[in-house]
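The structure under discussion appears below in the form of structure tokens.
FYI, it's all coordinate maths here, none of it is from the lab. Model, not experiment: these values are computed from the prediction. All Cβ positions, glycine included, derive from the backbone under ideal geometry; neighbour counts span all protein chains shown.
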Amino acid sequence: MKLIQLFRAPLNAITFVLLLVIVSSCSTDAMQTGNEETDSQDQQEVNKDANRQSTGSSSEALLSDKSFTSIKLEIQYMPGMEPGQQTIDNFRTFLEERLNKPAGIELVLEEIPSANKDQYSIDDIVSLENTYRTAYNDDRMIAVWGIFLDAEYTGNTENGTVLGVAFRNTSFALFESSVQEFSDRAFGPSRTVLESTVLNHEFGHLMGLVNAGAPLQSDHQDTEHGRHCTDENCLMYWTAETGEGILDMLTGGNIPSLDNQCIADLRANGGK
Ligand SMILES: [Zn+2]
Ligand SMILES: [Zn+2]
């Protein structure tokens, strides 16, 4: 079994990042397209435009306290897909270590109904966001939305399963049913480790990694694999050929952390 990560793909209207694809036979790359959905009615009530930009474009806004002194993370999940408490605790620690938000980091979890689909496309997820997201930037607070979905990604192939995606500038999704499936396997990583790895990695892309909004401070972009890091121990590493190595690393119980080069990029753009 191999594990690969897919990379950031420019789209017509939005950009997003695919990550952590587990493949069972051979390596694949994937590019997906999606279309922005408009709901002008909503925009008349709340200005949502600032939360509908390209992935990585809010790097500095998320990292520094210049424009926003606090952050609110609205995490919604479908029935049975709630992230574990330890995953949320790990995520909060990850955020506190990197973000300059003196007025606080707020995490809100909420269950939403299933959309009763067998698969979700990026368009489907954008539609869910447009329906259920309530938190948008407000004054000095920046808002981020994440969803834990109860079905797999439409772009999965027989040998590749996408576990998470970052799209827009403050939005991400985890294909939680796939995460659960892989972490429940014999010798698989624990649920907490796999969830935390995918969650932190997705947020890494929103923070602008690698070279996706946070300018490179050193030469560590794995350009062959898009917005990923060349350090094989880094959270932002892309691996195509040594998937078993990644699985082994996760099985060992460690959530990969950011390497010094990625941290330097974040610090240079306003992060801790
Ligand atoms: Zn990635
Ligand atoms: Zn790195």
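General remarks:
- Cα centroid of the range 206-237 to Cα centroid of the range 96-142, whole Å: 24 Å
- Proximal lysines relative to K272, as straight alpha-carbon distance under 23 Å, when same-chain residues fewer than 8 apart are discounted: K66, K72, K101
- Segments 200-206, 150-156 sorted - mean Cβ within 10 Å per residue, highest first: 200-206, 150-156
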